[in-house]
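Have a look at the structure below, then the notes.
Every number in this text was worked out from the coordinates using simple rules, so none of it is lab data. Source: prediction; values computed, not measured. No Cβ is skipped: glycine too gets one built from the backbone with ideal geometry, and neighbour counts run over all protein chains shown.
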Amino acid sequence: MACVGVIGGLGVGATVHYYDKITAACKARGVSPDLVIAHADVDYGQDLVRAGKLDELAGYLASFIRRMARAGAAAAAIPAVTPHICIAQLTKLTPLPLINIVDPIAAELRARKIRRVALFGTTFTMEGSLWGQLADAEIVKPQPDEIAFVGQAYQRILDSQKADAGDARSLRRIAADLQRRDGVEAILLAGTDLAVMFDETTAGFPAIDVARLHIDAIVETLSL
């Protein structure tokens with residue numbers, strides 16, 4: 001069985017969500033998950049993202065991966081989408097293979113023959129469009145005011161770990177506009193903390209939970 005290191009804290013709610021879902025999935029398989037979790041500072045990480053200091057962010061994350069490697073981890077995962085903004089820099093620094101969140105997204109879209117998607121998550125995730133890593137599908141950006149609202153709504157979830165009913169209604173309206181106006185086939189829930197508000201079955205629009213796909217990939221590694 002492979003040991004997986006998880007960089008937690010980015011944010012705490014996302015880490016708890018991953019831990020809960022990973023352990024449940026492993027139990028269903030009859031597997032006891034071998035996990036190492038190191039806690040990173042979400043505020044410091046967000047400051048680096050806002051400042052565009054991607055090399056520094058990669059170095060910060062790599063420091064946790066090195067610690068987890070010393071603890072016996074054979075692979076590493078980041079249970080948050082936005083920190084993947086520095087994946088190119090991080091790949092050069094990490095001593096462990098990364099379970100990249102984009103790879104299972106690409107596989108899911110190919111399997112479902114979905115070609116046109118949009119993202120809901122932090123402003124940096126939406127503006128970055130997964131930073132050129134998703135090659136087989138077009139990522140449609142919402143309008144600037146829509147990006148601003150989704151980013152603010154997501155930050156409110158991060159800050160409070162609570163869902164606001166008004167925000168949920170507005171996100172559903174934006175999703176409907178993206179479908180009607182831009183031909184978007186599905187919205188990627190590209191922010192783990194959105195699980196506080198809704199999931200694929202309760203969103204009210206065609207949605208794909210990227211955390212679910214990432215968790216499945218982590219569980220596959222844990223089951224090796």
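Quick notes
- Dimensionless Rg/Rh of the chain - Kirkwood Rh, Rg from C-alpha atoms: 0.95
- Computed extension gain for His39 through Lys92, at 0.36 nm per residue and net of the alpha carbon distance, reaches 16.9 nm.
- The calculated 222 nm mean residue ellipticity attributable to helices in the chain amounts to -16500 deg cm²/dmol, summing -39500 (n - 2.57) over DSSP H runs of n ≥ 4 and dividing by all residues.
- Debye equation applied to the C-alpha atoms of the range 75-119, log10 I(q)/I(0) at 0.19, 0.20, 0.27, 0.29 Å⁻¹: -0.68, -0.73, -1.01, -1.08
- Against the rule of thumb 2.2 N^0.38 Å, how large the Cα Rg of the range 117-224 comes out: 1.05
- Cross-link partners of Lys27 among lysines, defined as those whose alpha carbon lies under 30 angstrom from its own and excluding same-chain residues fewer than eight positions apart: Lys162.
- Stretching the chain fully between Arg173 and Arg29 yields a gain of 48.0 nm (0.36 nm per residue, less the alpha carbon separation).
- Relative packing of 191-197, 201-207, which averages over residues the other C-beta atoms within 10 Å, highest first: 191-197, 201-207
- Candidate cross-link partners of Lys92 among the lysines, defined by an alpha-carbon separation under 19 Å and a same-chain spacing of 8 or more, comprise Lys53.
- Between amide H atoms placed 1.01 Å from N, distances below 5 Å from Ala74 occur with Cys3, Val4, Gly5, all of them 5 or more places distant or on a separate chain.
- Scanning the chain for DSSP H helices at least 20 Å long along the axis (C-alpha atoms) with a Kyte-Doolittle mean no lower than 0.0 picks out 54-70.
- Nearby lysines by direct alpha-carbon distance to Lys113 (threshold 26 angstrom, same-chain neighbours under 8 apart not counted): Lys141
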